[in-house]
Structures are given as structure tokens and as C-alpha cells.
Amino acid sequence: MTVSDERLAAYADGELNEFEAAQVRRAIGADPALADQLAALEGLKAALAAHYDPILAQPVPAALSDPIEQAAKVTNLSAAREARQRWFSKPVVRYAALPALAASLLIVVFVGRGGESDTAGYAAPQLAAALDGALSGETGRDGTKLLLSFRDSAGSACRAYAGKTGAGIACHGDKGWKLVKTGTAGTRSGSEFQQAGSSAADIMTAAQDMAANGAMEPGEEAAARKGGWAPQK
């Protein structure tokens, strides 16, 4: 039995029913490489939980929450936080984000090159090619990892990505992929390499805020690619 990365991630998160879980367990028992992959996934999950759970548990400062509550713009901050966690826990979002968040925690990056966009604010050719052709979870020829796809409130197709020089969100339009949010991959001081920052996590949060109906499912994303990422009316 072949176990996909998405199915293995769902097994690690306890999202499979007993029949499906038993199938995966048998496959793991027969494949040492798959068992190693599961161990690495569980280790990553634990590292991410240790890093981000305390942040999610922090209360919103009163200086920020009081004016919002008084203006009746947010009626239940706990519900908003839970909704954010539910959106991020969707399998397509979780699986796409893990590599980028792992890089944020574990990978040392060398940064000394320019950005990935031209001066007009649109994706450069190599980045545009990755945005055009790679599906979520795949990596373009330039090393750009596509995290997820979604549509904004105007119906435009938008994609979150993480590359060697940073992460960002680009939305497709008449002139190509317009960069609507970008973040750096890290910093370097002299000869000292610094660990990558939280840019990828910030991009995922921004994607959630921009998405009109959450992340695209695999079939929807494939159809959008086939249609040239045309806007949805």
C-alpha cells in the first residue's frame, strides 16, 4: 500500500478512522523508510507545538482588545482565535505550511541576494513560472515552495509561497502575478548566519485573512491552474 504525505500527516494527527489507521499502521510496519518519515513528522509536530502553542495561548492585550470590543467590531475574541486555529488545521493548509514553518524553526539560511520581484511589483519570471505551474506542496525549478492557493474577496486567484529569499503572497491579474505581501527569509550580519524568522508564519496568517472561502481543495486548485488562474466571477 502506498501512503501519501497527506495521509501520513492525517494519521499522525489522529484524523483517520480506525480502518484507515489500521491500513497505514500495516504499511508503516512493512516499510522502515515510512516509519522514519512518521517519526520525523511527529518530531516536527512536537517542535512546532512547543514553539507556537504558548503564542496562541497568550491573551490579547487589553490596550488592543478594549477599543475593539467597545466599537463592537469583535464580539468574541476566543471564537475568533478558535476559528483561526480551525482554518489552519485544515489538511491542505497544515500540510502546505509544515515545510515552511519547519524552515522557520530549523534551517539556517544565507541571505545576500536581491528579492524575487521586479520594480513594478510583479513576480519575476522564475517566481512567476513556479506560481503558474506548481501545485500546493510542490517546489518550482527555482526552489520556491508553493504553500497554498485561495481566492480573495474579488475572486482573484492568490498563492502563498516560500522561496530562498523569502515568503510572500501573489495574486493573478491581467499583467501577471502581483506581489501583495512579501517577507524576508532571514538576515545576516558580517559572517554570522542567523536563524530564519517567522516570515512564513506571518504569510500564512495573512493568507487566512485574505481568503474569502479558505484554501482551495486539490481539485479546485488543479482546475484553477488549468484555467490559467483566471478570476472567478
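Couple of notes before you dig in:
- The residues listed here are M204, M210; of these, the one that is touching a Cys at 6+ places or on another chain (Cβ under 8 Å), within 21 Å of Y52 (Cβ to Cβ) and either at pLDDT 90 or above or open to solvent by less than 30 Å² (accessible area, probe 1.4 Å) (or both) is M210.
- Residues of the stretch 138-161 satisfying the condition of being touching a residue at least 60 places away in the same chain (Cβ under 8 Å) and open to solvent by 20 Å² or more (accessible area, probe 1.4 Å): R151, D152, A154, S156
The values are calculated or read from the model by the stated rules, or taken from the named source; none is laboratory data. Just so it is clear, the structure is predicted and the values come from calculations on it, not from any experiment. Neighbour counts run over all protein chains shown; Cβ positions are idealised from the backbone, glycine included. These area figures cover heavy atoms from the full protein model, side chains too; ligands, DNA and RNA do not enter into them. Shrake-Rupley method; radii C 1.70, N 1.55, O 1.52, S 1.80 Å.
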